[in-house]
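Here is the structure we will look at.
Bear in mind these aren't lab numbers, they're just calculated from the coordinates by the rules spelled out. All values reported here derive from a predicted model rather than from experimental measurement. Quick reminder, even Gly has a Cβ in these numbers, built from the backbone with ideal geometry, and neighbours come from all protein chains shown.
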Amino acid sequence: MEFLIFRSRPLADLEDYMQLGFSFDLSRCTGCMACVVACMDQNDLPADGPSFRQVTKLESGEYPSAQVHFVSLACFHCIDAPCLNVCPKKAIFRDSEWGAVHVDESLCIGCRACAMVCPFGAPRFNPGEKMSKCNFCIDRVDAGLDPACVHTCTTRALGFGPVEELNKAKAKKASVKILEGFISAGMKMP
């Protein structure tokens with residue numbers, strides 16, 4: 001079983017809050033896209049527009065040992081978030097309760113500087129509009145619920161919770177795999 005944690009520990013000066021994050025079990029994802037649909041529904045995103053969550057198909061190896069994996073991706077709510085640091089209007093900020101990186105669309109000028117520096121392509125823009133992105137479904141989290149994508153995942157490939165608990169769960173797994181280009185728990189990234 002392969003298990004990925006898509007968040008890292010908080011910066012030393014931000015340790016007063018409980019850092020939340022996503023986990024992903026690579027061996028469980030079937031690529032069904034239910035998480036993407038749930039995200040779009042929860043955030044009232046148009047079916048033909050960008051989604052805050054994507055499922056990426058990864059192929060490796062050669063016949064007869066070829067493999068296909070699916071990886072469900074959303075904003076990583078980076079510790080040293082390049083989008084937050086580059087925003088000229090300070091429209092991007094960190095939630096002091098959960099550690100989520102949010103955007104205040106009323107301050108965003110749509111310059112796309114955040115999109116240019118995000119190594120994961122998390123900032124989303126509809127044509128001619130301001131930036132929006134995953135916010136952990138913070139209203140659901142505040143109500144004690146999982147984000148819509150996690151709640152909808154029937155195979156339990158997606159997980160969500162305090163990063164410390166996710167790291168403990170990861171330590172119990174037989175095989176932990178960090179995919180090239182993705183975030184390793186404990187790394188100061190990006």
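Things to note:
- Cβ-to-Cβ counts within 10 Å put Met116, Met33 in ascending order as Met116, Met33, the fewest first.
- Beyond 28 Å in Cα-Cα separation lie the following of the pairs Lys57/Lys90; Lys57/Lys133; Lys133/Lys170; Lys57/Lys89: Lys57/Lys90; Lys57/Lys89.
- Separation in nanometres of the label points that stand 7 Å from Cα toward Cβ, at Asp139 and Glu97: 1.4 nm
- Distance histogram for region 2-176 (every C-alpha pair counted, 10 angstrom bins, percent rounded to whole numbers): 10, 36, 37, 15, 3, 0
- Largest-first principal axis extents of the Cα set of region 60-108 (Å): 52, 24, 19
- For region 27-102, trypsin sites (Lys or Arg not before Pro) are listed when DSSP marks them as loop and at most 11 other Cβ atoms sit within 10 Å of their Cβ; the list is Lys90.
- Lys90 versus Ala115: modelled label distance in nm, points set 7 Å from Cα along the beta carbon direction: 2.5 nm
- Length gained when the stretch Ser27-Ala47 is fully extended (0.36 nm per residue, less Cα-Cα span): 4.4 nm
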